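Before any comments, here is the structure.
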Amino acid sequence: MAFRIVFLPFDGFSNMVLASAIEPLRAACNLSGRQLFDWCVATPGGEAACSSSGLRLAAELPLTEAGRCDALVLIAGYGARETAARPEVLAAIRAAARQSRAVTGLDMGAWLMAAAGLLEGYRATVHWHEVEAFAEAFPEVEAVAESYVTDGDRQSAGSATSAMELSLETIRRMGGDALAYDVRTLFVHDDTERRRAESGALSPQLGRAVRFMLDAIEEPRGLSEVAAHAAVSQRTLDRLCRRELGTSAGVYYRALRLARAQTLLIETGLPLRDIALRCGFASASTLSRAYSQQFGRSLSATRRMGA
């Protein structure tokens, strides 16, 4: 069953924070081929929410119709204090929280959670500009100047980057370390992190192996060559992959190639044979069999979804 999330943006919310929370979930579903997550956008009265940059986000339904969920995610920014002064809004938040297994505040979302009485005795954080004011306004909350905080069934994050990290934690819990790692590399990439195995989360040996795999998508190398490049035995390479990525070296390497194929299917009009060759498969039929096994849908269905 999909992990259901209700996103609750308030006027003044950051588009970047919202996107950083939702896009990793979308990528996790695409890369895994499974509907791990299901989400909707609600507002207290079903009205559109206006972001800090003036863009308006249409709500899919009023909060009262959202029903039960696994996580209620409040996203607030500029104007959070004014929103927190509206008793009817706080009452709506409390009612929705009773329908949710967990409650999360992004940016200034924890301010609204605290105002609604949902953080008494909990650790929490808000945007770093406001941590001191948050501590003064809500002495019953243990305000901390951290990137993000998880305390039981309450979570909070103060920035777009932190919102993404929280989403990656949820992806890791639902889909495993390898999926969370792959999603992260879709959105976070620079030369320094690539030298450190993209995220710095992998051991040095496995980091070298993964970089070698990434550089050899079109012409895949044997696992013995990958292991030699990482200065480990093939058995050790497989053990590192299973321990740090949750799968064997061969399965992970193939998943990298299939993920590249998925990107090419969605974003280009290349013929299937060309995509197969660019991803290290001998033919379109060979790619098709592996792709269907990995994602549970055909190449043509994926291309239609992209269109």
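The values are calculated or read from the model by the stated rules, or taken from the named source; none is laboratory data. Quick caveat, the model's predicted, so the values are computed rather than measured. Because the Cβ atoms are built from the backbone with ideal geometry, glycine has one as well, and the counts that use them run over all protein chains shown. These accessible areas exclude ligands, DNA and RNA; they are computed on the full protein's heavy atoms, side chains included. Shrake-Rupley method; radii C 1.70, N 1.55, O 1.52, S 1.80 Å.
At a temperature of 4 °C and a viscosity of 1.567 mPa s, determine how fast the stretch 92-132 diffuses translationally according to Stokes-Einstein, using the Kirkwood radius over alpha-carbon pairs as Rh; express D in µm²/s, rounded to the nearest whole number.
Working: Rh = 10.6 Å.
The Stokes-Einstein estimate is 122 µm²/s.
Restricting to bridges with both residues inside the stretch 75-173, how much of the DSSP beta-bridge set is antiparallel, in percent to the nearest 5? Don't skip to the end; give the middle numbers.
Working: 4 of 13 bridges.
Around 30 percent antiparallel, to the nearest 5.
Students often get this wrong: which residues of the stretch 239-257 have the backbone nitrogen under 14 Å from the point 7 angstrom along Cα-to-C-beta of residue 217?
Once the point is set 7 Å along Cα→Cβ of residue 217, 253-257 turn out to lie under 14 Å by backbone N, inside the stretch 239-257.
Assign unit charges at the C-beta atoms only (+1 for Lys and Arg, -1 for Asp and Glu), then state the dipole size of the stretch 5-162 relative to its Cα centre in Debye, rounded to the nearest 20.
Working: 11 positive and 19 negative charges, 89 e Å.
Computed charge dipole of the stretch 5-162: roughly 420 debye.
For the stretch 88-188, what size does the Cα cloud have along each of its three principal axes, sorted from largest down, in whole Å?
40, 31, 21
Considering only protein heavy atoms, what per residue accessible area in square angstrom results for the chain with a 1.4 angstrom probe? Mind dumping the intermediate values first?
On the way: 14490 Å² over 307 residues.
Result: 47 Å² of accessible area for each residue.
Just need the relative contact order of the chain here, percent rounded to a whole number, with Cα pairs under 8 Å and 6+ apart. Don't skip to the answer; put the middle values down first.
Working: 544 pairs, mean separation 41.9, N = 307.
With pairs under 8 Å counted, the relative contact order is 14 percent.
Among 97, 84, 111, pick out the residue whose Cα is farthest towards the positive end of the charge dipole of the stretch 66-112, where Lys and Arg carry +1 and Asp and Glu carry -1 on C-beta, about the Cα centre.
97
May I ask you to give the percent of accessible area on the stretch 40-134 that is carbon plus sulfur, with a probe radius of 1.4 Å? List each step's numbers first, then the result.
On the way: 2260 of 4380 Å².
It is 52 percent, rounded to a whole number.
Select one label from [x] 66, 45, 41; [y] 105, 53, 32; [z] 63, 40, 33: the one whose number is Cα extents along the principal axes in Å as derived from the coordinates shown.
[z]
Counting DSSP beta bridges with both partners in the chain, what percentage is antiparallel, nearest 5? Could you put the intermediate results ahead of the total?
On the way: 6 of 32 bridges.
Percent antiparallel among DSSP bridges in the chain is about 20.
So if R0 is 22 Å, what FRET efficiency would residue 169 and residue 78 give, r being the distance between their Cβ atoms, rounded to the nearest 0.05? Before the final figure, lay out each step's value.
Working: r = 27 Å, r/R0 = 1.21.
For R0 = 22 Å, the calculated efficiency reads 0.25.
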